[in-house]
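Working notes for the structure below.
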Amino acid sequence: MAVTVETLEKLERRITLHVAASEINSEVESRLKKLARTVKADGFRPGKVPMNVVAQRYGYSVQYEVVNDKLGAAFNNAANEAQLAAAEVERVTSDVTEEAIDKTVEILRKQRRSFAQRAAADVAAVGDRVTIDFEGKIDGEPFQGGKAEAFQFLIGEGQMLEAFDAAVRGMKAGESKTFPLQFPEDYHGKDVAGKEADFLVTVKKIEAQHLPEVNEAFAKSLGIKDASVEALRADIKKNLEREVKFRVLARNKGAVMDALVAASELDVPNALVQGEAERMVGQAREDLKKRGVKDADKAEIPADIFKPQAERRVRLGLVVAELVRANNLQAKPAQLQAHIEELSQSYEKPAEVMRWYLSDRER
């Protein structure tokens, strides 16, 4: 572990940490092996799930956990050795990598994929779109949501439970089969969670997917003026950087707000808390209305369930308002202009979006 500490300003330090990839990989492998002893997966008994399945499902999260643990411990040791007292706000940063651009390109390809019916002799394979009829029964009895006709899903893309997905692989159009399926204990359908069902499946149609090539025609179809792959990747990178920036900004803002709430010692007026809770009830009803819920404006939503959030909002409002007043904080016109320009770049016609914002002071 290599550590360097630099002095930037009076109260600012930069700590650079280097952790060997071999050290990270070794710890990830160790934790995955430990996880494999208890993890559950459709079609496998607990403790018998293959390591490649465990790694595929949990590898990213375990690696993220290991990196955080290693860097967190290294940071604390470095801060202690340098006799530094760190502020209790974690400020995150993130860069857009070539891998992230590649993933976005693949998502764009999948959004524009086409399908062609396979020959009668072909069997369903990963990546194919299948159209099926199915009916499931538990103890010989049908159950709600267990039957469908002309149902489509893509094999291998996690749209169905793994055991169901695996059972359809290798079938031909016109073929039928019955197979058992164990629903997970945490399955969202509470009526069938943890139970075993027998499914009868008939494959009606199998279609092979075709992903468009990443070329000038592909770039042109996405509205890239230059119509080149390089321009497409540059545009994707620009959009990702903008999105990452706003997400990181929101994350860092949230960390600061959490620190303010933790550090503030003041009594909040009950009337303000109650008023904020009622306002949140109104927002909840409005959200239900937008989702098409009948009589949403009459929904019985107790204000008390929003009380913790309402109290936090009121507390933050009072603290931030005092900070703004005491430090005479306000956005400068140039800052507003720059922020609106950046926001507008994610729209098809940025100039119109800018005019919309700037034409109304309230906006």
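The values are calculated or read from the model by the stated rules, or taken from the named source; none is laboratory data. This one's a predicted model, so the numbers in the text were calculated from it and none came from an experiment. Cβ coordinates were reconstructed from backbone atoms using ideal geometry, including for glycine residues, and neighbour counts include every protein chain displayed. For accessibility, only protein heavy atoms count, side chains too; no ligands or nucleic acids. Shrake-Rupley method; radii C 1.70, N 1.55, O 1.52, S 1.80 Å.
Here is how the numbers come out for the structure above:
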| item | result |
| --- | --- |
| Close pairs from the range 16-40: first within 16 Å of Asn68 (Cβ to Cβ), partner part of a helix (DSSP H, G or I) and basic (Lys, Arg), Cβ under 6 Å, at least 6 apart | Val19/Lys70 |
| In the range 286-305, the residues that are surrounded by 11 or more Cβ atoms within 10 Å (Cβ to Cβ) and basic (Lys, Arg) | Lys289 |
| Residue list for the range 216-228, filter: more than 29 Å from the chain's Cα centre (by Cα) and assigned to a loop (DSSP other than H, G, I, E, B) | Lys225, Asp226, Ala227, Ser228 |
| Residues within the range 246-285 that are open to solvent by less than 90 Å² (accessible area, probe 1.4 Å), modelled with pLDDT of 90 or more and of a type in the set (Asp, Glu), tallied | 1 |
| Any strands (runs of 3 or more DSSP E) falling wholly within the range 124-201 and containing at least 2 residues that are open to solvent by less than 60 Å² (accessible area, probe 1.4 Å) and over 25 Å from Gln56 (Cα atoms) | 129-138, 141-154 |
| Set Lys48, Lys70, Lys33: member being at pLDDT 80 or above, under 24 Å from Ala163 (Cα atoms) and out of contact with any Cys (no Cβ under 9 Å at 6 or more places or on another chain) | Lys33 |
| Of all residues in the range 54-87 being surrounded by 16 or more Cβ atoms within 10 Å (Cβ to Cβ) and among the β-branched types (Val, Ile, Thr), the one that is farthest from Ile15 (Cα to Cα) | Val54 |
| Count of residues meeting criterion [open to solvent by 60 Å² or more (accessible area, probe 1.4 Å) and over 17 Å from Phe183 (Cβ atoms)] in the range 40-53 | 3 |
| Single residue of Leu266, Leu232 found to be of a type in the set (A, V, I, L, M), over 30 Å from Val168 (Cα atoms), touching a Leu at 6+ places or on another chain (Cβ under 7 Å) and in a loop (DSSP other than H, G, I, E, B) | Leu266 |
| Tabulated pairs, the range 339-352, first of a type outside the set (S, T, N, Q), second assigned to a helix (DSSP H, G or I), C-beta under 7 angstrom, 6+ apart or interchain | Ile340/Met354; Ile340/Tyr357; Ile340/Leu358; Glu341/Met354; Glu342/Arg242; Tyr347/Val353; Pro350/Ser344 |
